[in-house]
Amino acid sequence: MKTTTIDYLLSTLAIALLLFTALALPVALHPRLAAVVGAHHVLLEVGLFFVGYGLASALMTRLLLHWRPLPTGTHEENSPEFTYWKFLTVIYRLGYGALCPFVPVFLKPLLESLFGASVGRDVALGGSIDDPYAVSIGDGTVLGNASLVTANFLAGGKLVCGTVRIGARVTVGANAIVYPDTEIGDGATLTVASVLMPGARIPAGETWRGNPARKWAGPVNV
């Protein structure tokens with residue numbers, strides 16, 4: 001994936017704005033924190049900076065996508081859509097990384113929601129989500145350890161973007177991969193290490209397994 005001058009310029013401007021915003025709160029609170037906690041104020045100020053950076057990144061990501069949603073489909077490497085996706089990725093990945101140390105595993109659904117994912121109640125996220133703003137997950141769903149739900153992939157120098165819709169009470173097994181332009185119906189299961197390819201649709205209640213994943217009628221081991 002080629003990085004251009006415009007990529008560097010856009011990312012630098014955005015990061016500079018986010019850094020300035022994140023520094024505002026710890027700088028403003030410095031005298032009070034120093035008076036209350038003494039030498040420990042530095043740790044609190046560093047924590048406030050990272051949290052502020054992450055929250056500002058989430059807000060910028062949401063505002064950009066509200067202003068200009070990322071189109072689904074296939075985009076050439078030199079297209080404006082490819083450049084826009086790289087810009088969004090830099091913003092949300094750095095912000096996500098800034099917040100991760102402060103978020104326990106049971107609050108991961110909230111973290112994904114901050115960056116645009118639609119996540120229902122009682123969802124367990126043991127895996128990771130790429131491009132969360134294009135992913136929706138229903139109530140009571142489980143994403144197994146080291147699973148990946150991604151709304152993009154690169155092939156032949158082109159970017160492919162799509163949505164991922166996962167219903168309620170779905171189980172995605174450990175190390176499974178769910179690619180863009182896919183749907184998993186309510187109560188369905190994608191077993192361990194399976195790969196749901198672009199364009200696949202798992203009907204409600206079915207179990208799929210394999211690479212590429214197909215309907216499975218045998219014993220289920222998720």
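Roughly how many Å² of ILE177 are accessible to a 1.4 Å probe, to the nearest 10?
50
Rounded to the nearest 20 Debye, what is the dipole magnitude of the chain about its Cα centre when Lys and Arg each give +1 and Asp and Glu each give -1 at the C-beta?
140
Rounded to the nearest whole Å², what accessible area per residue is found for the chain with the 1.4 Å probe?
52
Measure off, as a whole percent, the carbon and sulfur share of the 1.4 Å-probe accessible area of the chain, all protein chains present.
64
Can you give the Rg/Rh ratio of the range 27-153, where Rg is from the C-alpha atoms and Rh is the Kirkwood radius?
Expressed as Rg/Rh, it is 1.06.
Find the Cα radius of gyration of the range 111-188, compare it with 2.2 N^0.38 Å by division, and give the number to two decimals.
Compared with the compact-globule rule of thumb, the range 111-188 sits at 1.02.
One-quarter of the Cα convex hull surface for the chain, in nm²?
13.7
Could you compute how much accessible surface HIS30 exposes when probed at 1.4 Å, giving the result in Å² to the nearest 10?
Accessible area of HIS30: about 80 Å².
Percentage of Cα-Cα pair distances in the range 38-98 greater than 16 Å, rounded to whole percent?
The share of Cα pairs beyond 16 Å in the range 38-98 comes to 54 percent.
Can you give the accessible area of VAL123, probe radius 1.4 Å, in Å² rounded to 10?
Answer for VAL123: close to 20 Å² accessible.
What do you get for GluC sites (Glu not before Pro) in the range 70-134 restricted to DSSP loop and a cutoff of at most 12 other Cβ within 10 Å of the site's Cβ?
GLU76
The values are calculated or read from the model by the stated rules, or taken from the named source; none is laboratory data. Since the structure is predicted, the reported quantities are computational estimates derived from the model, not experimental observations. With ideal geometry, Cβ positions are generated from the backbone for all residues, glycine too; neighbour counts draw on all protein chains shown. Just so you know, the surface numbers come from the protein's heavy atoms only, side chains and all, with ligands and any DNA or RNA stripped out. Shrake-Rupley method; radii C 1.70, N 1.55, O 1.52, S 1.80 Å.
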